[in-house]
Amino acid sequence: MERLIFDAHAHYDDEKFDTDRDEIISSLPEKGVFAVVNNGVDFETSLKSVEFSEKYPFFYSAVGIHPESVPDMDISRLEEYIDQIESLLDHEKTVAIGETGLDYYWDIPKEPQHIVFERQLKLSKDTSMPIIIHDREAHGDTLDFLKKYCPKGLLHCYSGSVEMLREVFRYGDMYISLGGTVTFKNARVPVEVAKEVPLDRLLLETDAPYLSPVPYRGKRNDSSNIIYTAQKIAEIRGMSVTDILKFTKENACKLYFGV
Ligand code: NI
């Protein structure tokens, strides 16, 4: 099977993989998976991402601090956390800073989230590493930060509107990724987005173990399920599944590997 699936965003360090992680990961290439970018959410999981990338040839790592990790931090020691993250950036298979961003769904104070996100945007600029951004119910502020920093990066599991999409591409060198939500029965905006996003700006992701596409909605997700998301987007755009997989793989290689 030709390996065309590039999973732009996943979390295989999650405890949901504790019982059979190696088995699942090792089976991915024969199911068509070309590459996976595992994302850290704090130093510990970022280090795990780097370890996976050493163990599995097709794994790459993103290292960063997620907004949901902010409540566990002592913000006055932010530079120490950043130094830790920065120490992982030199690794040959680290391809991005992330996952970082803003989350207004959970009750997490906004100000420290802004400080931690902004510091990583600066780090991304200083090191020329792409940044992987989580935006959950924080579209306005996320856009403001994009305007301010014009980063190169990925707005992962994009949940904004078509109107916002046009704004996103005006600032910096941004891509978006779509995952299982586009296949959900009640999906309306993600379907519009899948139709409108320029083909050279689209990536596919799982956010595994979360957000499994139909027909596995609610079950544990893994990168081989990207085929269902690709099928849905192919149907929406009137294209072949192979073409969707090829274009999104090319875009991910461009973003993460610079080729
Ligand atoms: Ni994630």
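Bear in mind that the values in this text are calculations on the coordinates, not laboratory data. What you are looking at is a predicted structure, and each value in this text was computed from that prediction instead of being measured. Reconstructed Cβ throughout: ideal geometry from the backbone, glycine too, with neighbour counts over all protein chains shown.
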Return the lysines within reach of K249: Cα separation strictly under 19 angstrom, same-chain partners fewer than 8 residues apart disregarded; answer none if there are no such residues.
K31, K93, K152, K195, K232
Beyond 23 Å, the calculated P(r) of the range 27-122 holds a percent of Cα-Cα pairs equal to 28
Could you compute Rg(Cα) / (2.2 N^0.38 Å) for the chain, with N its residue count?
0.93
Give me H134, H91 sorted ascending by neighbouring Cβ count inside 10 Å, so fewest comes first.
H91, H134
Over the chain, with a Gaussian network built from C-alpha contacts below 10 Å, which listed residue (S161, S61, S76) shows the highest mean-square fluctuation?
S76
Within straight cross-link reach of K185, meaning Cα distance under 16 Å, which aspartates and glutamates are found once same-chain residues fewer than 8 apart are removed?
E235
Determine, at each q value in 0.13, 0.14 (inverse angstroms), the log₁₀ of I(q)/I(0) that the Debye formula gives when each Cα of the range 170-259 is one equal point scatterer.
-0.40, -0.46
Largest fluctuation, S53, S177, S128 only, Gaussian network model of the chain with Cα springs under 10 angstrom, belongs to S128
Stretch D74-K246 to full length: gain in nm at 0.36 nm per residue minus the Cα-Cα span?
57.6 nm
For A138, net neighbour charge (Lys/Arg +1, Asp/Glu -1) across residues whose Cβ lies under 11 Å away
-3
Please give every one of the lysines within straight-line cross-link reach of K147, meaning a C-alpha to C-alpha distance under 20 Å, and leave out same-chain neighbours fewer than 8 residues apart.
K110, K122, K125
Report Rg (one decimal) and Dmax (nearest whole number) for the range 94-226, counting Cα atoms only, units Å.
14.6, 42
